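Asker: First the structure, then my questions, so here it is.
The values are calculated or read from the model by the stated rules, or taken from the named source; none is laboratory data. Values in this document were obtained by computation on a predicted structure and should not be read as measured data. Note that each Cβ is placed from the backbone with ideal geometry, even for glycine, and that neighbours are counted across all protein chains shown. We work out accessible area using only protein heavy atoms, side chains counted, and drop any ligands, DNA or RNA first. Shrake-Rupley method; radii C 1.70, N 1.55, O 1.52, S 1.80 Å.
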Amino acid sequence: MTKFSIVSLVRNALSHHEGWSAQWRSPEPKPAYDVVIVGAGGHGLATAYYLAKHHGVTNVAVLEKGWLGGGNTGRNTTIIRSNYLWEESAAIYEHSLKLWEGLSQELNYNVMLSQRGVLNLCHNTHDIQEGVRRVNANRLNGIDAEWLVPAQVKAFCPILNISPGARYPVEGATLQRRGGVARHDAVAWGFARGADARGVDIIQNCEVTGIDVEAGRVIGVRTTRGAIRAKQVAIVAAGHNSVVAQMAGLRLPIESHPLQALVSEPLKPVMPTVVMSNAVHVYVSQSDKGELVIGAGVDSFNSYGQRGGLHVIEDQMGAIIELFPIFSRLRMMRSWGGIVDVCPDASPIVAKTPVGGLYINGGWGTGGFKATPGSGWVFAHTIANDAPHPLNAAFTLERFSSGALIDEHGAAAVAH
Amino acid sequence: MLKIPCPWCGLRPETEFRNGGEAHIARPANPFAVTDAEWADYLFMRTNPKGWHRERWNHAQGCRRWFNAVRHTVSHEIAATYPMDAAQPPLPEHDGEG
């Protein structure tokens, strides 16, 4: 693996940048692995990386039906925060945020983490009560959180319309200064490069078509590139988790929905932070290229179609223009849809399954990107030890029958 | 946006409707007689198919009646809608991708 540094940059500049090597191999699948990970998105690649790095498990294949990082990892609004209400969520998302803070050094790959702060707006009395409660809960959990009154919100993000007559009056906001955004593709590429360098095979254009189970234990997978035996199989297929789990006879409490996002034409820097609003369900930030990156809620119906309805975009744009009148003549450049796997309690499942040697990491809904490093970190631990880490011990499948749900709907600063 | 054929009002835009999730999930006749796992299956577990899906819709801003639909979750094609107490129409033979 070429180590990226100012020295390697200068050396390659002298040879007109024609000497850079490929960042990962494209190996043929071997007949058997210790661990097969289904899905080379951010979470799957992070799992492979931490399996190799922390647990010495390197006989690992990551199978991807398309290209790595080509699903939701490359299609999200890149927001990172850890201001969740409940202790279980706060712990896992804060662990992830701490990993983010050292990730560029860890991976020798610039993930362009920008801790520009995340504002969660409050528009009415209930929002204020919920926001202040969440700030207090965050602080008790050691997570940075502040309550801002409207004048402070205006000072932090001057282009927000805080006039009392606004359609969505801003009556306050919570602020997590350590929140922000990162470069989504770079996270997948950095983890892929790090995992590959430690011997992990990343196999693209290889769709899993079946999971073989014998006497209650997984023994391998069937793919479009032949059968692969495996001692352990980990499902990290995001929107397609139900489809893959069904191959092993598992039913999940998950439904797949389209989630759309869109970007504007590029502007000079106007948006100093990330602004989210739960009540009107819209969120916006500005990328380093100058485009506004805007997201909203999911379409209501189940879908694997990677597209949603225009009326959802219309609603979110209406809200954006009320909150930021300065954007009223801005043109939108492109929109896209991804498929997110939503759990009934808006919390993920990172756990063992009733099938021996089969693990699942999913149900992250609309908020999985921020969890990428933390999710891979705890999932690698779960696979290597065949037991969860304390940080993901609560995120089981069994919580749906025991009743120990982690209800982050509406509690998690924005519902997802 | 989907155009949904309400069995009573005809073809109407999606914004008039509310999606009610998977159809034909029967509440256990005696909730006290089922295990926690069976109750969880009723409450939370879903088929979530990639393909034809039987689902409930409510014409919230029209006739306000509930009905079921057979819709494809990739192409979004709606093959049939039918009253909630009607017999289930068979799933279409084509794969819905076209």
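Asker: Being among the acidic types (D, E), farther than 28 Å from A:M317 by Cβ and touching a residue at least 60 places away in the same chain (Cβ under 8 Å) is the requirement here; does A:D345 meet it? It would help to see each step written out before you state the result.
Answerer: Numbers: among the acidic types (D, E): yes; farther than 28 Å from A:M317 by Cβ: yes; touching a residue at least 60 places away in the same chain (Cβ under 8 Å): yes.
Answer is yes for this residue.
Asker: Can you pull out every residue in region A:254-271 that is in contact with a strand residue (DSSP E or B) (Cβ under 8 Å, 6 or more places away or on another chain) and part of a loop (DSSP other than H, G, I, E, B)?
Answerer: Within region A:254-271, the subset in contact with a strand residue (DSSP E or B) (Cβ under 8 Å, 6 or more places away or on another chain) is A:254-267, A:269-271.
Matches in region A:254-271: A:I254, A:L267, A:P269, A:V270, A:M271.
Asker: Additional query: Report the residue count in region B:72-84 for those that are assigned to a strand (DSSP E or B) and within 13 Å of another protein chain (Cβ to nearest Cβ).
Answerer: Just the residues of region B:72-84 that are assigned to a strand (DSSP E or B), to begin with: B:72, B:78-83.
With within 13 Å of another protein chain (Cβ to nearest Cβ) added as a condition, the list becomes B:72, B:78.
Of the residues in region B:72-84, 2 are assigned to a strand (DSSP E or B) and within 13 Å of another protein chain (Cβ to nearest Cβ).
Asker: Here's something else I'd like to know. May I ask you to list pairs of residues, at least six apart or on different chains, whose Cβ atoms are under 9 Å apart, with the first in region B:1-12 being away from chain A (no Cβ under 11 Å) and under 18 Å from B:D85 (Cα atoms) and the second being outside any loop (DSSP other than H, G, I, E, B) and open to solvent by 60 Å² or more (accessible area, probe 1.4 Å)?
Answerer: Partner pairs satisfying both residue conditions: B:P5/B:L11; B:P5/B:R12; B:C6/B:R12.
Asker: Turning to a different aspect of this structure: Of these, B:F67, B:F17, B:F44, B:F32, which one is in contact with a His (Cβ under 7 Å, 6 or more places away or on another chain) and of a type in the set (F, W, Y)? I'd like the intermediate steps shown before the answer.
Answerer: Details: B:F67 fails: in contact with a His (Cβ under 7 Å, 6 or more places away or on another chain); B:F44 fails: in contact with a His (Cβ under 7 Å, 6 or more places away or on another chain); B:F32 fails: in contact with a His (Cβ under 7 Å, 6 or more places away or on another chain).
Sole residue among the options that is in contact with a His (Cβ under 7 Å, 6 or more places away or on another chain) and of a type in the set (F, W, Y): B:F17.
Asker: Within region B:19-71, which residues are in a loop (DSSP other than H, G, I, E, B) and open to solvent by 60 Å² or more (accessible area, probe 1.4 Å)?
Answerer: Here is the first cut: in region B:19-71, the residues in a loop (DSSP other than H, G, I, E, B) are B:23-30, B:34-35, B:44-45, B:47-51, B:59-65.
Passing the criteria: B:H24, B:I25, B:A26, B:R27, B:A29, B:N30, B:T35, B:T47, B:K50, B:Q61, B:R64, B:R65.
Asker: Before we move on, is A:G220 surrounded by 19 or more Cβ atoms within 10 Å (Cβ to Cβ) and within 20 Å of the chain's Cα centre (by Cα)? Spell out the reasoning first.
Answerer: Details: surrounded by 19 or more Cβ atoms within 10 Å (Cβ to Cβ): yes; within 20 Å of the chain's Cα centre (by Cα): no.
It is false that A:G220 is surrounded by 19 or more Cβ atoms within 10 Å (Cβ to Cβ) and within 20 Å of the chain's Cα centre (by Cα).
Asker: Output yes when any residue across region A:97-115 is on the phi > 0 side of the Ramachandran plot and among the hydrophobic types (A, V, I, L, M, F, W, C), and no when none is.
Answerer: Taking every residue of region A:97-115 in turn, at least one turns out to be on the phi > 0 side of the Ramachandran plot and among the hydrophobic types (A, V, I, L, M, F, W, C).
Asker: So, one more: Would you please list the contacts, defined by Cβ atoms under 6 Å and residues six or more apart or on different chains, that run from a residue in region A:290-313 that is closer than 21 Å to A:H184 by Cβ and more than 9 Å from chain B (Cβ to nearest Cβ) to a residue that is open to solvent by 10 Å² or more (accessible area, probe 1.4 Å) and assigned to a loop (DSSP other than H, G, I, E, B)?
Answerer: Close Cβ pairs (under 6 Å, with a partner that is open to solvent by 10 Å² or more (accessible area, probe 1.4 Å) and assigned to a loop (DSSP other than H, G, I, E, B)) amount to A:G290/A:L267; A:V293/A:T77; A:V293/A:S287; A:G295/A:T77; A:A296/A:H281; A:G297/A:H281.
Asker: Right, another one. Out of the helices (runs of 4 or more DSSP H) lying entirely within region A:144-253, which hold 3 or more residues that are more than 14 Å from chain B (Cβ to nearest Cβ)? Before you say what the answer is, go through the steps one by one.
Answerer: Working: elements: A:150-156, A:184-197, A:241-246.
The helices (runs of 4 or more DSSP H) meeting that bar are A:150-156, A:184-197.
Asker: Checking A:H281 against (1) modelled with pLDDT of 95 or more; (2) more than 14 Å from chain B (Cβ to nearest Cβ), which test does it fail?
Answerer: (1)
Asker: Quick check on region A:75-105: of everything there that is assigned to a helix (DSSP H, G or I) and more than 16 Å from A:V378 (Cβ to Cβ), which residue is most open to solvent (accessible area, probe 1.4 Å)?
Answerer: In the first step, residues of region A:75-105 are kept if they are assigned to a helix (DSSP H, G or I); the result is A:87-105.
Subset that is more than 16 Å from A:V378 (Cβ to Cβ): A:101-102, A:104-105.
Values: A:E101: 82, A:G102: 33, A:S104: 35, A:Q105: 160 Å².
Of everything passing the filter in region A:75-105, A:Q105 is most open to solvent (accessible area, probe 1.4 Å).
Asker: Is it true that B:G96 is open to solvent by less than 30 Å² (accessible area, probe 1.4 Å) and modelled with pLDDT under 95?
Answerer: Details: open to solvent by less than 30 Å² (accessible area, probe 1.4 Å): yes; modelled with pLDDT under 95: yes.
Taking the combined requirement at face value, the residue satisfies it.
Asker: Could you run through region A:248-292 and say how many residues are within 30 Å of A:I360 (Cα to Cα) and surrounded by fewer than 18 Cβ atoms within 10 Å (Cβ to Cβ)?
Answerer: 2
Asker: If you don't mind, there's one more thing I want to ask. With the structure loaded, tell me whether A:I339 is within 14 Å of chain B (Cβ to nearest Cβ), modelled with pLDDT of 95 or more and under 23 Å from A:A137 (Cα atoms) or whether it fails that test.
Answerer: Working: within 14 Å of chain B (Cβ to nearest Cβ): yes; modelled with pLDDT of 95 or more: yes; under 23 Å from A:A137 (Cα atoms): no.
So A:I339 fails the test.
Asker: Here's another thing I want to ask about it. Identify the single condition in (1) within 14 Å of chain B (Cβ to nearest Cβ); (2) touching a His at 6+ places or on another chain (Cβ under 6 Å) that A:P258 does not satisfy, given that it satisfies every other one.
Answerer: So A:P258 meets the others, but not (2).
Asker: Inside region B:17-35, can you point out the residues that are away from chain A (no Cβ under 11 Å) and of a type outside the set (A, V, I, L, M, F, W, C)?
Answerer: Step one: of region B:17-35, the residues away from chain A (no Cβ under 11 Å) are B:23-33.
Within region B:17-35, B:H24, B:R27, B:P28, B:N30, B:P31 qualify.
Asker: Still on this model: Report yes if some residue within region A:371-383 is open to solvent by 40 Å² or more (accessible area, probe 1.4 Å) and more than 24 Å from A:T58 (Cβ to Cβ); otherwise report no. Step through it out loud before you land on a result.
Answerer: So the first thing to find is which residues in region A:371-383 are open to solvent by 40 Å² or more (accessible area, probe 1.4 Å), and the list is A:377, A:381.
Filter again for more than 24 Å from A:T58 (Cβ to Cβ), leaving none.
No.
Asker: While we're looking at this one, here's another question. In the set A:E214, A:E207, which member is farther than 30 Å from A:L119 by Cβ and free of Cβ contacts under 8 Å to residues at least 12 places away in the same chain? Explain how you work it out, then say what you get.
Answerer: Working: A:E207 fails: free of Cβ contacts under 8 Å to residues at least 12 places away in the same chain.
After ruling out the rest, the residue left standing is A:E214.
Asker: OK, next. Testing B:D95 on (1) under 17 Å from A:V243 (Cα atoms); (2) more than 9 Å from chain A (Cβ to nearest Cβ); (3) not in a loop (DSSP other than H, G, I, E, B); (4) not aliphatic (A, V, I, L, M), one condition comes back false. Which one is that?
Answerer: Result: B:D95 fails condition (3) only.
Asker: Out of the residues in region B:36-67 that are over 20 Å from A:V342 (Cβ atoms) and without any contact (Cβ under 8 Å) to a residue 40 or more places away in the chain, which is farthest from the other protein chains (Cβ to nearest Cβ)?
Answerer: Step one: filter region B:36-67 for residues over 20 Å from A:V342 (Cβ atoms), giving B:36-39, B:52, B:59-67.
Checking which are without any contact (Cβ under 8 Å) to a residue 40 or more places away in the chain leaves us with B:36-39, B:64.
Details: B:D36: 4, B:A37: 5, B:E38: 9, B:W39: 7, B:R64: 17 Å.
The qualifying residue farthest from the other protein chains (Cβ to nearest Cβ) is B:R64.
Asker: Based on what the data block shows, is A:V187 in contact with a Ser or Thr (Cβ under 6 Å, 6 or more places away or on another chain) and either open to solvent by less than 50 Å² (accessible area, probe 1.4 Å) or closer than 21 Å to A:Y50 by Cβ (or both)?
Answerer: Numbers: in contact with a Ser or Thr (Cβ under 6 Å, 6 or more places away or on another chain): yes; either open to solvent by less than 50 Å² (accessible area, probe 1.4 Å) or closer than 21 Å to A:Y50 by Cβ (or both): yes.
Spelling it out, A:V187 is indeed in contact with a Ser or Thr (Cβ under 6 Å, 6 or more places away or on another chain) and either open to solvent by less than 50 Å² (accessible area, probe 1.4 Å) or closer than 21 Å to A:Y50 by Cβ (or both).
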